[in-house]
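In what follows, a structure is listed as structure tokens, so that the remarks can point back to it.
Values quoted throughout were computed directly from the atomic coordinates according to the rules given, and no laboratory measurement underlies them. Here the structure is a predicted model, which means the values were calculated and not measured. Note that we place each Cβ from the backbone using ideal geometry, even for glycine, and neighbour counts take in every protein chain shown.
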Amino acid sequence: MATRVLQRVGKGLKQTKSGLQTSGRVMVVIRSGSGFREDSWFKSLFVRKVDPRKDAHSHLLAKKEDNNLYKIQFHNVKPECLDAYNELCEDVLPSIHADPEYPCELVGTWNTWYGEQDQAVHLWRYRGGYPALTEVMNKLRQNKKFMDYRNERGKMLLSRRNQLLLEFSFWNEPVPRPGPNIYELRSYQLRPGTMIEWGNYWARAIEIRQQNQEAVGGFFSQIGSLYTVHHLWAYKDLQSRENIRNAAWQRDGWDEVVYYTVPLIQHMESRIMIPMKTSPLK
């Protein structure tokens with residue numbers, strides 16, 4: 001049986017029948033074994049106490065005044081099929097967006113310019129949350145044009161994935177904007193348990209990054225890859241993007257936001273995207 005000894009000078013402890021009693025010099029002996037672990041008690045003195053959350057971070061960070069749910073889709077298209085895929089999407093998706101029978105809206109639809117190539121990104125909003133999502137799914141199954149679109153689309157794709165998202169309360173809701181613009185989707189995979197901290201810093205940071213109206217929307221995942229954050233930005237061109245991002249460093253507080261949020265990130269990715277012809281975000 002291994003014995004570890006921790007010795008210090010000061011008020012000590014002496015084992016008695018009634019428990020521990022002070023003496024002069026203290027020598028605390030911690031024995032490891034299959035029985036009672038004295039070091040468990042000793043270590044507990046130094047464990048950081050975690051403030052228990054009273055609610056899920058989805059309730060603490062999402063907007064309360066509306067019940068919007070977002071879906072983001074990533075479609076990796078066969079390179080030789082990209083033009084045909086875009087034409088198919090431009091023919092079908094706007095009709096769903098415009099139909100009042102469907103409680104959903106096409107927020108934006110893009111092709112990736114820099115980042116993962118031959119990729120399409122679609123962002124949908126469901127007004128009414130999960131019930132609205134379910135209603136749309138059920139109605140689309142009865143929509144022959146959409147089912148034909150799905151079958152034809154499947155022949156053009158290499159892979160696809162999606163996520164269900166909520167919107168940060170401190171970001172503006174994405175609304176149609178005139179173009180031409182390029183869009184940057186910055187995606188962050190956070191360390192589990194850090195979403196609240198991220199939200200606290202970005203609630204202040206967004207004030208800095210709104211001065212040029214480049215902030216479009218901010219979202220965090222609920223289903224799919226978890227602890228994922230997406231920030232969507234709009235710029236006139238790549239040079240404008242560089243100028244605006246560099247200017248942020250001259251404003252008070254931006255350096256602090258970067259300093260404290262970088263350790264929260266496990267992985268990050270940037271996509272520069274070009275809107276499709278029928279995208280509400282031009």
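So if I place +1 on the C-beta of Lys and Arg and -1 on the C-beta of Asp and Glu, and nothing else carries charge, what would the dipole magnitude of the range 95-141 be about its Cα centre? I want it in debye, nearest 20.
The calculation lands at about 160 debye.
Which loop-located chymotrypsin sites (Phe, Trp or Tyr not before Pro) does the range 151-258 contain, where loop means any DSSP state but H, G, I, E or B and the Cβ has at most 12 other Cβ atoms within 10 Å? Before the final figure, lay out each step's value.
Details: sites: Phe168, Phe170, Trp171, Tyr183, Tyr188, Trp198, Tyr201, Trp202, Phe219, Phe220, Tyr227, Trp233, Tyr235, Trp249, Trp254; in loops: Phe170, Trp171, Tyr227, Trp249.
Those satisfying the criteria are Trp249.
Among Asp91, Asp252, rank each residue by its count of other Cβ atoms within 10 Å, from fewest to most, as a rough exposure measure. Before the final figure, lay out the partial values.
On the way: Asp91 12, Asp252 7.
Ascending number of Cβ neighbours within 10 Å: Asp252, Asp91.
Could you run the Karplus curve 6.51 cos²θ - 1.76 cosθ + 1.60 with θ = phi - 60° over the range 229-244 and give me ³J(HN,Hα) per residue in whole Hz, x for Gly and Pro?
The phi angles translate into 10, 10, 10, 10, 10, 10, 9, 5, 6, 5, 5, 4, 4, 5, 5, 5 Hz.
Could you run the Karplus curve 6.51 cos²θ - 1.76 cosθ + 1.60 with θ = phi - 60° over the range 204-209 and give me ³J(HN,Hα) per residue in whole Hz, x for Gly and Pro?
3J(HN,Hα) across the range 204-209, in whole Hz: 8, 5, 5, 5, 6, 8.
Per residue of the range 69-74, what does 6.51 cos²θ - 1.76 cosθ + 1.60 with θ = phi - 60° give for ³J(HN,Hα)? Whole Hz please, x for Gly and Pro, Karplus curve as stated.
10, 10, 10, 10, 10, 10
Quick one: which residues, 5+ away or cross-chain, put their amide H under 5 Å from the amide H of Gln222? H built at 1.01 Å from N.
Answer set, sorted by chain and number: Leu164, Leu165, Leu166.
Taking H as built 1.01 Å from N, whose amide H comes closer than 5 Å to the amide H of Trp113, not counting residues under 5 places away?
Distant-sequence amide H within range of Trp113: Ile272, Met273, Ile274.
Taking 0.36 nm per residue of sequence separation and subtracting the Cα-Cα distance, how much length would be gained by fully extending the chain between Lys139 and Ala247, in nm to one decimal? It would help to have the intermediate numbers written out before the result.
Working: separation 108, 0.36 × 108 = 38.88 nm, distance 4.72 nm.
Full extension from Lys139 to Ala247 adds 34.2 nm.
Which residues' amide hydrogens lie under 5 Å from the amide hydrogen of Asn68, considering only partners 5 or more residues apart or on another chain, with H built in the peptide plane?
Gly128
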